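The values are calculated or read from the model by the stated rules, or taken from the named source; none is laboratory data. What you are looking at is a predicted structure, and each value in this text was computed from that prediction instead of being measured. Heads up, the Cβs are rebuilt from the backbone with ideal geometry, glycines too, and the neighbour counts pull from every protein chain shown.
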Amino acid sequence: MAGFGVLDEIVDTARYPLTDPHGSGRREAIARARAELAEDGCTVLREFIRPELIETLRAQGERIAPQAHYQVERVNAYNIPLDTELPQGHPAKIVLERGNAFVPRDRIPAEALIQQLYTEPRFQAFVAECFGLDALHEFADPLAGLTLNVVAPGMSHPWHFDTNEFTVSMLTQPAETGGGFEYCPGIRTPEAENLDDVHAVLTGGGERFIKRLELRPGDLQLFRGRFSLHRVTPVSGARQRHSAIFAYTDRPGIIGTVERTRQLFGRVLPDHFAAAAAAVRGDRLLD
């Protein structure tokens, strides 16, 4: 369909008037998102995509899903090497099995709805304002900037923190059963890891920290995943769970680490090695 790059044709602008920069509807959507992000680090803009495009969104994801890198990995919640020297009892010593897979950005067609939306300047400006920022930047990473997360039946995306502070995602296909999103709002801060609380969640004793969220295809989720431990629960049934991950940052030039890139995509490009010695870090938290 021609014109998919036009924001009006992708977003339900009657519900979310992004194309009216000074309109009250846009201001109200931003104010609501900011309030919810301030309260628990997460907000969901329901039915963000035009309803007539939901099947297109799903079908496009289904077509590219076979290009995901599949490799069951033994990881920890911080996505750092398992042999990292840490004190006994540190939550990063708890080994988890990561069975989800990612289609990297260089395998997502330019005409795909998620690719068009990810690079749309007015969409980026809207998301930035929701997060209370002057601007957001696309990841410079040629693989991790935009991905399709694939969780096959029998698999899950275990508890983890994001390396980027601001995460934008959109479910494109739900699982038949399972595949729920769970998160622990603000369980750590830029100043404090709060290791005891993280340890409690990872060992099944942290129910008081956990919130559960029901997502539907076309919903836009804004999330502070750097500070909120989160996971996708095991998927079951006959259908994979697909979710587009739009990775933005408040600083330009961000490229993923060699270790995590290899974990997620099974390959590392020269860009990742070149950036390793001069990584841009905004805090001293574990990854």
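Details
- Residues in the range 125-144 that are under 24 Å from Arg188 (Cα atoms), of a type in the set (Gly, Ala, Ser) and touching a helix residue (DSSP H, G or I) at 6+ places or on another chain (Cβ under 9 Å) were compared, and the one that is surrounded by the fewest Cβ atoms within 10 Å (Cβ to Cβ) is Gly132.
- Pairs where the first residue, in the range 269-287, is at pLDDT 90 or above and the second is of a type in the set (A, V, I, L, M), C-beta under 7 Å, 6+ apart: Leu269/Leu143; Asp271/Ile255; His272/Ile255; His272/Val258; Phe273/Val258
- Of everything in the range 1-36 that is outside any helix (DSSP H, G or I), of a type in the set (D, E, K, R) and modelled with pLDDT of 90 or more, the residue that is farthest from Pro51 (Cα to Cα) is Arg15.
- Of all the criteria given as (1) within 22 Å of the chain's Cα centre (by Cα); (2) surrounded by 16 or more Cβ atoms within 10 Å (Cβ to Cβ), the one not satisfied by Arg26 is (1).
- Count - residues of the range 45-92 that are without any contact (Cβ under 8 Å) to a residue 40 or more places away in the chain, under 20 Å from His230 (Cβ atoms) and not in a loop (DSSP other than H, G, I, E, B): 1
- Within the range 103-124, residues that are touching a residue at least 24 places away in the same chain (Cβ under 8 Å) and buried (at least 18 other Cβ atoms within 10 Å of the Cβ) have Cβ atoms under 7 Å from residues that are in a helix (DSSP H, G or I) and among the polar types (S, T, N, Q) in these pairs: Val103/Gln67; Ile108/Gln115; Ala112/Gln60; Leu113/Thr56; Leu113/Gln60, counting only partners at least 6 apart in sequence or on another chain.
- Within the range 29-68, the set of residues being polar (S, T, N, Q) and crowded, with 19+ Cβ neighbours inside 10 Å comprises Thr43, Gln60.
- Among the candidates Leu171, Leu143, the residue that is in a strand (DSSP E or B) and not polar (S, T, N, Q) is uniquely Leu171.
- Subset of the range 90-113 (residues that are more than 28 Å from Val75 (Cα to Cα), of a type outside the set (Asp, Glu) and in contact with a Phe, Trp or Tyr (Cβ under 8 Å, 6 or more places away or on another chain)): Leu113
- The residues of the range 213-233 that are touching a helix residue (DSSP H, G or I) at 6+ places or on another chain (Cβ under 7 Å) and modelled with pLDDT under 95 amount to a single one, Arg224.
- Here is the figure for the range 94-131: residues that are within 25 Å of Ala65 (Cβ to Cβ), among the hydrophobic types (A, V, I, L, M, F, W, C) and assigned to a helix (DSSP H, G or I) total 5.
- For the range 44-58, the criterion of being within 26 Å of Gly204 (Cβ to Cβ), at pLDDT 95 or above and under 21 Å from the mean Cα position of the chain (by Cα) is satisfied by no residue at all.
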